[in-house]
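Please read the structure below before turning to the comments.
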Amino acid sequence: MKKKSIFRFLIPVLLLCTGTGLYGEDFFKLKKGISDNAWKKIAFFYLTPALTLENLGYISNIYYYQELEEPDWTADIGLDLLVSVILGNRFVLSLKEKPYYSFYAEHVDQRALNNRLKTSMYSYLGRLNLEYSYSNDYIKGRPTAEFGAHIRLRTDEHFLSVDYGSYKNLFLNLFLKQNSIEHYEENYLGNYNLKQFMNRKELHAGIRLNKNIFTRTRLFVGFEYYEYKFAKAPLRDGIGRQVSLGVAFPEIGRIRGSVEFGVKHFQPGSSLYRKYTKPFGSGEVTIRLLRRFKFDFQYLVNNFYSYWSVEQSFDERSAGSRVEYYIAKNIKIGYNYQLGILSYENLHDGKKTRRDNFYTSAVYIGLRVFEKMGIGLEYRMYRADSDMQAFSRSSNFIGGYLIHEF
């Protein structure tokens, strides 16, 4: 059986074996959140629509690259729609649809219609539960920190997860994920064929043991196997394995989020490239203090293939923090800072070839208009200095947006 058909075969088998939907998230928390936050209920359907408005303002450089500096007035305008169905105490079905339009006043060629779609199924079945989701994103944006100018990208993902055990004590999670990533640019920055170098399929399969240690804070250890298969760049094919350890905090309480650290090993399919073992990790934690302060911390340690050359990859090491202070119930101010390093290396011999240092700094103010919605004004600055001048990037933005979680 071909690899690409394995996933399609497993889905109906698992559905027949378990006879119902999936867990993945806390089922009852999810169910309560849907009923509490829905704008309107019609029979079994819960509707939660929201108007989205982001990046409404002036940007000094839409392409980010210093050698291509072009200013413009921009706006991302769209609709965020969640439709959910609750069937008794066993099933939750959801559909998330977010169409939005990226507007540029002067650069008509940069205007784009985008869409994010995700369908999910959840269930509660005692000790054995199943989750399945399908997502399809068709957007124009920056998929990694390496990019400056926005690119057209389509991602197609199937995700299947099975949990067994007690969520109050110890449970095991098995998951399977298949991604298809398609780039449309053949002449990015005049030199780089993203369609040839970057289009690929990914397969991820893993197991994770979870243990509640206190107040629904969860300690987990996991193992994952993954495969990359490139459509037109077979030298980049390969398989990998990774192990990780982490902590997940509950979504209720003063501390929320998760942190994870681990080690990954990658074996290229081509004998021309070196295998490697590297650290990886990611996390985001939010802390609320004294009702007025909110602190966020995020970090990422990982490596990616580069569009720069078929034989180039880069390691990203980045971290950021955000602090918000509520001057009053309906007014908050905030500051966000992120910095990181992109370290490039040749896949043949592992030699370092380039280094980019980047940071983002932003200040903003938010005003509550309704119970959970407000408006914000932000000034944001981005800088990236590179060993190669052609890849130096910078941009300044000032403008507004809508806030849906005040």
Q) Mind checking which residues of the stretch 150-181 are modelled with pLDDT under 95, among the small types (Gly, Ala, Ser), at negative phi and touching a strand residue (DSSP E or B) at 6+ places or on another chain (Cβ under 7 Å)? A) Ser161
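Yes or no: Ile398 among the aliphatic types (A, V, I, L, M), open to solvent by 70 Å² or more (accessible area, probe 1.4 Å) and in contact (Cβ under 8 Å) with a residue 40 or more places away in the chain? Working first, answer last.
Numbers: among the aliphatic types (A, V, I, L, M): yes; open to solvent by 70 Å² or more (accessible area, probe 1.4 Å): yes; in contact (Cβ under 8 Å) with a residue 40 or more places away in the chain: yes.
Yes, satisfied.
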Q. Residues in the stretch 304-316: is at least one crowded, with 17+ Cβ neighbours inside 10 Å, under 30 Å from Leu81 (Cβ atoms) and in contact with a Lys or Arg (Cβ under 9 Å, 6 or more places away or on another chain)?
A. no
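Of the residues that make up the stretch 44-51, is at least one in contact with a helix residue (DSSP H, G or I) (Cβ under 9 Å, 6 or more places away or on another chain) and open to solvent by less than 70 Å² (accessible area, probe 1.4 Å)? Don't jump to the end; show me each part of the working.
At the first step, the residues of the stretch 44-51 found to be in contact with a helix residue (DSSP H, G or I) (Cβ under 9 Å, 6 or more places away or on another chain) are 46, 48.
With open to solvent by less than 70 Å² (accessible area, probe 1.4 Å) added as a condition, the list becomes 46, 48.
Scanning the stretch 44-51, I find at least one residue that is in contact with a helix residue (DSSP H, G or I) (Cβ under 9 Å, 6 or more places away or on another chain) and open to solvent by less than 70 Å² (accessible area, probe 1.4 Å), so the answer is yes.
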Q: Would you please name the residue that is farthest from Glu371 (Cα to Cα), looking only at residues in the stretch 387-406 that are assigned to a strand (DSSP E or B) and not aliphatic (A, V, I, L, M)?
A: Arg393
(Q) Criterion first (at pLDDT 95 or above and either closer than 30 Å to Phe370 by Cβ or in a strand (DSSP E or B) (or both)) does Asn61 satisfy it? (A) no
Q: Could you please find all residues in the stretch 67-85 being open to solvent by 60 Å² or more (accessible area, probe 1.4 Å) and closer than 30 Å to Ala390 by Cα?
A: Glu67, Leu68, Glu69, Glu70, Trp73
Q: Could you grab the pairs with beta carbons closer than 6 Å, sequence gap of 6+ or different chains, first residue in the stretch 330-349 and over 24 Å from Phe397 (Cα atoms), second one exposed (fewer than 14 other Cβ atoms within 10 Å of the Cβ)?
A: Glu345/Lys352
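Can you tell me which residue among Leu290, Leu272, Leu300 is within 23 Å of Glu227 (Cβ to Cβ) and open to solvent by 80 Å² or more (accessible area, probe 1.4 Å)? Please lay out each step first, then the result.
Details: Leu290 fails: within 23 Å of Glu227 (Cβ to Cβ); Leu300 fails: open to solvent by 80 Å² or more (accessible area, probe 1.4 Å).
Within the list Leu290, Leu272, Leu300, the selection yields Leu272.
Just give me the residues in the stretch 152-177 being within 30 Å of Ser395 (Cα to Cα) and either buried (at least 20 other Cβ atoms within 10 Å of the Cβ) or without any contact (Cβ under 8 Å) to a residue 40 or more places away in the chain (or both), in sequence order.
The initial filter retains those residues of the stretch 152-177 that are within 30 Å of Ser395 (Cα to Cα), namely 152-155.
Within the stretch 152-177, Leu153, Arg154, Thr155 meet the criteria.
Condition check ((1) under 27 Å from Tyr64 (Cβ atoms); (2) assigned to a strand (DSSP E or B)) across all residues:
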position	(1), (2)
Tyr326	no, yes
Tyr335	yes, yes
Gly350	no, no
Thr353	yes, yes
Thr360	yes, yes
Glu371	no, no
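Return the only residue of Tyr192, Tyr100, Tyr122, Tyr167 being under 23 Å from Ser244 (Cα atoms) and over 17 Å from the mean Cα position of the chain (by Cα).
Tyr167
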**Q.** Per-region count, the stretch 181-217, residues open to solvent by 40 Å² or more (accessible area, probe 1.4 Å) and either assigned to a strand (DSSP E or B) or in contact with a Lys or Arg (Cβ under 9 Å, 6 or more places away or on another chain) (or both)
**A.** 18
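Of all residues in the stretch 226-247, which are in a strand (DSSP E or B) and touching a Gly at 6+ places or on another chain (Cβ under 7 Å)? Walk me through how you get there before you give the answer.
Here is the first cut: in the stretch 226-247, the ones in a strand (DSSP E or B) are 226-230, 238-247.
Tyr226, Tyr228, Gly238, Gln242, Val243, Ser244, Leu245, listed by residue number.
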Q: Inspect all residues belonging to the stretch 337-359 and state whether any of them is open to solvent by less than 30 Å² (accessible area, probe 1.4 Å) and more than 30 Å from Lys275 (Cβ to Cβ).
A: no
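Any residue that is hydrophobic (A, V, I, L, M, F, W, C) and farther than 30 Å from Ala384 by Cα - is there at least one of those in the stretch 251-260? Steps first, answer last, please.
As a first pass, look at the stretch 251-260 and keep what is hydrophobic (A, V, I, L, M, F, W, C): 252, 255, 259.
This time we only want the ones that are farther than 30 Å from Ala384 by Cα, so: 252, 255.
Among the residues of the stretch 251-260, at least one is hydrophobic (A, V, I, L, M, F, W, C) and farther than 30 Å from Ala384 by Cα, which makes the answer yes.
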Q. Looking only at residues in the stretch 125-164 that are part of a loop (DSSP other than H, G, I, E, B) and among the small types (Gly, Ala, Ser), which one is nearest to the chain's Cα centre (by Cα)?
A. Ala145
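The values are calculated or read from the model by the stated rules, or taken from the named source; none is laboratory data. Here the structure is a predicted model, which means the values were calculated and not measured. Note: ideal-geometry Cβ built from the backbone for every residue, glycine included; neighbour counts use all protein chains shown. Ligands, DNA and RNA are stripped out before the accessible areas are found, and what is left, the full protein with its side chains, is counted by its heavy atoms. Shrake-Rupley method; radii C 1.70, N 1.55, O 1.52, S 1.80 Å.
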